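Let me begin by presenting the structure, written as structure tokens, before commenting on it.
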């Protein structure tokens, strides 16, 4: 007796977003990356299409992070203060599909690097790797507006993913993205209504929905993961139901959030019951990433090479197990 699984069709579709630009498109990247485009819930291959696999980025820094696991230092100690070299290592040795350049050192209380210094670092990273870039800022509005405006200018045509704007600070950076042809991350604090409101504000500026990626704000394992999961679930369900202001692909940051928690930094000799630091650090990040993978994340910014390796393997494995193939 044949059994046919009931199928639910959706009125909406996740917007397809292109990251990076090749020389033919006005940039210098060797290729572009597409995310989004799904017409069904994550991994529901029997109900719709998922034309693009989720992708994995890794992050480099203009300033050595103050909270950084010793386990990670074992991988990056020789390049942690050399963002261009670290980017190359992440791509060539660890398989990063994009590179995020975190400009935390431009914050007035964390180094106060100038916009010009930040732009020079980004240019060096552009020259060292050929993958698309994500440019990640911070929450000091006055300074980051100057920094990201300058970075957008010097990377004109590269279609970088500028990360991020929020409801209280979006106009200057969004205008720079429009002027210099970049894509934008719209970040909201684990809130469906605020995520929708920010997308409305951006589109009211004539910012194309095809240039917006949602960051719902990541809570890592033990520190709000379930809240992020539930909000992402609602965003994806509403987007597929036809709400175009919630139909953007989603970015998450398991690396940054996991790296900051004590469980990923405390030495084994201090907490022997917590087990091996390297495994703890890698698996904390991986569990966070895998949880968000199944609720709709399309782009991950990761830190630990072992977590990256395992996440990429699972993404491929899950996409190869399409129902009926």
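Structure data summary
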{"read-out": "Gain in span if fully extended, residue 197 to residue 3, counting 0.36 nm per residue against the direct Cα distance", "value": "65.5 nm"}
{"read-out": "Tail beyond 13 Å, pair distance distribution of segment 1-52 (Cα, percent)", "value": "65"}
{"read-out": "Theoretical gain in end-to-end length, residue 92 to residue 49 [0.36 nm per residue, Cα-Cα removed]", "value": "12.4 nm"}
{"read-out": "Computed helical MRE - 222 nm, the chain, DSSP H runs ≥ 4 contributing -39500 (n - 2.57), nearest 500", "value": "-12000 deg cm²/dmol"}
{"read-out": "For q = 0.15 Å⁻¹, Debye-computed log10 I/I(0) when each Cα of segment 153-243 counts as one equal scatterer", "value": "-0.58"}
{"read-out": "Beta bridges by DSSP in segment 17-319, antiparallel share as percent, to the nearest 5", "value": "10"}
{"read-out": "Euclidean distance between Cα centres, segment 197-249 to segment 268-312, Å", "value": "23"}
{"read-out": "Length-normalised contact order of segment 17-319 in % [C-alpha pairs under 8 Å, at least 6 apart]", "value": "20"}
{"read-out": "Cα Rg over Rh - segment 58-151, Kirkwood", "value": "0.96"}
{"read-out": "Dmax and Rg, reported as Rg then Dmax, of segment 222-277 (C-alpha, Å)", "value": "16.9, 53"}
{"read-out": "Taking N as its residue count, the alpha carbon Rg of segment 198-325 over 2.2 N^0.38 Å", "value": "1.21"}
{"read-out": "Estimated inter-spin distance, residue 146 and residue 127, nm [label 7 Å along Cα→Cβ]", "value": "2.5"}
{"read-out": "Least to most buried among 284, 274 (fewest other Cβ within 10 Å first)", "value": "274, 284"}
{"read-out": "10 °C / 1.306 mPa s Stokes-Einstein diffusion coefficient of the chain, Kirkwood radius on C-alpha pairs, µm²/s", "value": "80"}
{"read-out": "Potential extension, residue 153-residue 175 segment - 0.36 nm per residue separation minus Cα distance", "value": "6.8 nm"}
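Any read-out appearing in this document is the output of simple, stated calculations on the displayed coordinates, not a laboratory observation. What you see is a predicted model, and the numbers here were worked out from it, not measured in a lab. Quick reminder, even Gly has a Cβ in these numbers, built from the backbone with ideal geometry, and neighbours come from all protein chains shown.
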